[in-house]
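Here the structure comes first, spelled out in structure tokens, and everything after it is commentary.
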Amino acid sequence: MGRKMEFRMERAGLIQVGDQVSLKEDSSSTMAGIIYYYTIRDAVAMSNNTKKRLAKQEGTVCSIEARESYWTVTVEIEE
């Protein structure tokens, strides 16, 4: 079992549950230290900020939940 991470997707149907996805890592230096954020390639969905860096840049979509104006995509990353 790996780490689960949520991503915000603003357009429906770009990925499906069970899809293998690649992630792009970006970071930003803040007064509180370095934060990381990830994007499902190619610009499908974006994660929240996290202080814990991912060991791998690939994962599997385990759920997609509809919200009022966006979708929450949960990806499991094996670490």
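The values are calculated or read from the model by the stated rules, or taken from the named source; none is laboratory data. Given the structure is predicted, the values throughout are model-derived calculations rather than measurements. No Cβ is skipped: glycine too gets one built from the backbone with ideal geometry, and neighbour counts run over all protein chains shown. With ligands, DNA and RNA removed, areas are computed over all heavy atoms of the protein, side chains included. Shrake-Rupley method; radii C 1.70, N 1.55, O 1.52, S 1.80 Å.
Test K24 against the criterion of being at pLDDT below 95 and open to solvent by 30 Å² or more (accessible area, probe 1.4 Å), and give yes or no. So K24 does not fit the description; no.
Of A12, A45, which residue is at pLDDT below 95 and not acidic (D, E)? Give the steps one after another, and end with the answer.
Values: A45 fails: at pLDDT below 95.
Result of the check over A12, A45: A12.
If you scan region 50-78, which residues turn out to be more than 18 Å from G18 (Cα to Cα) and loosely packed, with under 14 Cβ neighbours inside 10 Å? Give the derivation first.
Restricting attention to region 50-78, the residues satisfying the condition of being more than 18 Å from G18 (Cα to Cα) are 50-55, 67-70.
Correct list: T50, K51, K52, R53, A55, R67, E68, S69.
Considering (1) among the aliphatic types (A, V, I, L, M); (2) part of a loop (DSSP other than H, G, I, E, B); (3) open to solvent by less than 60 Å² (accessible area, probe 1.4 Å), the lone condition that A12 does not fulfil carries the number (3). Taking the residues in region 27-49 that are small (G, A, S) and not in a strand (DSSP E or B) as candidates, determine which candidate is surrounded by the fewest Cβ atoms within 10 Å (Cβ to Cβ). Among them, the one singled out is A32.
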